[in-house]
Amino acid sequence: MHQPFFWGGSIAAHQSEGAWNLDGKGPAIMDYVRQGTRDVPRQIDKEIVTNVRYPSHKGIDFYHRYREDIAMFAEMGFTALRISVDWSRIYPHGDDEVVNQPGLEYYHAIIDTLLEYHIEPIITLYHFELPVNLVHSYGSWLNRKVVDLYVRFCQIVMRAFNNKVRYWITFNEMNHLDPMTTQTDIFTYMITGLKYSELSNPIQDLATIGYHMTLASVRVAKIAREINKENQVGCVFGLSPVYPYDCHPDNVMCAFKESERDYYQVDAMCTGRFPEYKLSEYQSHGINVPIEPEDADDFRRGKLDFIGLNYYYSRLQQPQRFADQEERVKNPYIEQSRWGWTIDPVGIRYTMNYIHRRYGLPIMITENGLGALDDVIEGGTIDDGYRIEYLAKHIEQVKKAMVEDFVTCIGYLTWAPIDVISATTGEMRKRYGFIYVDQDDSGAGTLRRQRKASFNWFKDVIKNNGEN
Ligand code: BGP
């Protein structure tokens, strides 16, 4: 298959669409997450209550404005757009007997619009959009039945768009829930709809969830190629280097081990078997992974065709002696964004090298970008030079990885080409786009779209195939 290099961006349904209860959509886990206090992770509700803002309910109204938005992406010269298909639009409760047709029609319309502009649709099948009924009635990914229901949903979607879509992504960032690490409630919730602090046996539960999600991914990859042998299947992981605090061998070892926590699922999906080292680790803690004999075939035949890499920052290993400090120790060589995310372009080259050498698979950069406060200056311009600088430096390192280190990379997609709701904070003011959306954190605003300075800059980058 001829492999083009994709230039474009990534968005997710729950952060952009809005229309949370229109045209038969059921409630999904992110629809229960309300606007929190600034800079603090959002509250998690059990019910939808009135007089409270739920950022996903309105999103940026991509649901109604996708034509205008896609036309602007086309104007920049995008050759790919990664969107997610929200499970709760297709099966409102996750386990319904029949498909919600308006949900399928909506995604047909988006995909058709992309194809009209010769933009390749890249479809994520799970970007934190779990129907809430599957949490309440099944216990989320703790239950193997949810694997079956997810596979059924993916099958319906892959068949429905078989004539139009070749690039499928099974999951977004499932790798952040390593069972051996204490997790935050908000991250656990985003991936599973469950709260970490309420898990009865966190290590066992996260091991079960991690196994089930990995199994779901390999099963879908296997079926994708049965549906169409041209299908290219990836899974997206959030990966970054973990630098040792200093060159003391103990710290180097600790940094290595911390980094490895992100990789057991990548190993499982790329090597064709659930890794022995993880099973041994579980065994030593008395944890049982719910493996069934028939799973082996899914692992063997469900290997990935490419790895999706979400890269934002690098991390610094925290030596034990700083464990009781509230703030993490900072890397003195690297600046940070307002939200404390390090800005480290070399880290993307490092990570690309590492995963390409470890697995030998093509990489697609599926997310990279800078969350920043943007000011609209008098006259209406938005001069986001800081974003241009961030992206230019990262693209330069991607090129080095490809040209000097011989890493196979099939695309560079920014997060997010248009301002969307922030996933981790629920804020609107944490903006990533080339296109400004007029909405504030309270949900007020006209939703008018406006080109930022970075818009024309990225258009030139694409035109010049990465030179800037
Ligand atoms: C990634 C998620 C995205 C996106 C991004 C930026 O982990 O896949 O959904 O939101 O992070 O994070 P935030 O929006 O919190 O700044």
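The values are calculated or read from the model by the stated rules, or taken from the named source; none is laboratory data. Please read all numbers here as calculations on a predicted model, not as lab measurements. Note that we place each Cβ from the backbone using ideal geometry, even for glycine, and neighbour counts take in every protein chain shown.
Quick notes
- Being acidic (Asp, Glu), over 21 Å from residue 220 (Cβ atoms) and in contact with a strand residue (DSSP E or B) (Cβ under 9 Å, 6 or more places away or on another chain) is true of residue 69.
- Filter result (of a type outside the set (Val, Ile, Thr), in a loop (DSSP other than H, G, I, E, B) and surrounded by 12 or more Cβ atoms within 10 Å (Cβ to Cβ)) within the range 329-343: 330, 331, 337, 338, 339, 341
- The range 329-350, residues that are away from the ligand (no atom under 14 Å from the Cβ), in contact (Cβ under 8 Å) with a residue 12 or more places away in the chain and more than 22 Å from residue 458 (Cβ to Cβ): 329, 330, 331, 334, 350
- Leading residue by the ranking (nearest to residue 147 (Cα to Cα)) among those in the range 278-291 that are of a type outside the set (S, T, N, Q) and free of Cβ contacts under 8 Å to residues at least 12 places away in the same chain: 279
- Scope the range 93-110; condition touching a residue at least 60 places away in the same chain (Cβ under 8 Å) and crowded, with 21+ Cβ neighbours inside 10 Å; matching residues: 94, 103, 106
- The residue of the range 136-176 that is farthest from the chain's Cα centre (by Cα), among those that are among the β-branched types (Val, Ile, Thr) and assigned to a helix (DSSP H, G or I), is 156.
- Filter result (polar (S, T, N, Q), closer than 16 Å to residue 236 by Cα and either surrounded by fewer than 19 Cβ atoms within 10 Å (Cβ to Cβ) or out of contact with any His (no Cβ under 6 Å at 6 or more places or on another chain) (or both)) within the range 347-398: 351, 366
- For residue 367, the test of being within 13 Å of the ligand (Cβ to nearest atom) and of a type in the set (D, E, K, R) is passed.
- Among the residues making up the range 385-434, a single one is polar (S, T, N, Q), away from the ligand (no atom under 11 Å from the Cβ) and in a loop (DSSP other than H, G, I, E, B): 408.
- Condition met for residue 60 (at negative phi, in a loop (DSSP other than H, G, I, E, B) and aliphatic (A, V, I, L, M)): yes
- With respect to the stated conditions, residue 9 fails to be closer than 23 Å to residue 444 by Cβ, touching a residue at least 24 places away in the same chain (Cβ under 8 Å) and not polar (S, T, N, Q).
- Close Cβ contacts (under 7 Å, 6 or more residues apart or on different chains) running from residues in the range 159-173 that are closer than 14 Å to residue 229 by Cβ and in contact (Cβ under 8 Å) with a residue 12 or more places away in the chain to residues that are within 16 Å of the ligand (Cβ to nearest atom) and in a loop (DSSP other than H, G, I, E, B) comprise 168/125.
- For the range 222-240, the criterion of being assigned to a helix (DSSP H, G or I), under 20 Å from the mean Cα position of the chain (by Cα) and of a type outside the set (A, V, I, L, M, F, W, C) is met by no residue.
- The range 275-320, residues that are among the small types (Gly, Ala, Ser) and part of a helix (DSSP H, G or I): 280, 284, 296
- Within the range 300-316, being out of contact with any Pro (no Cβ under 8 Å at 6 or more places or on another chain), touching a residue at least 40 places away in the same chain (Cβ under 8 Å), of a type outside the set (A, V, I, L, M, F, W, C) and away from the ligand (no atom under 16 Å from the Cβ) holds for 301, 302, 303.
- Against the numbered list (1) out of contact with any helix residue (DSSP H, G or I) (no Cβ under 8 Å at 6 or more places or on another chain); (2) at pLDDT below 95; (3) part of a helix (DSSP H, G or I), residue 253 comes up short only at (2).
- Long-range neighbours under 6 Å by Cβ, at least six apart or interchain, first residue under 20 Å from residue 308 (Cα atoms) within the range 415-430, second within 7 Å of the ligand (Cβ to nearest atom) and assigned to a strand (DSSP E or B): 415/367
- For the residues 108, 118, 127, the requirement of being of a type outside the set (Ser, Thr, Tyr) and closer than 30 Å to residue 45 by Cα singles out 127.
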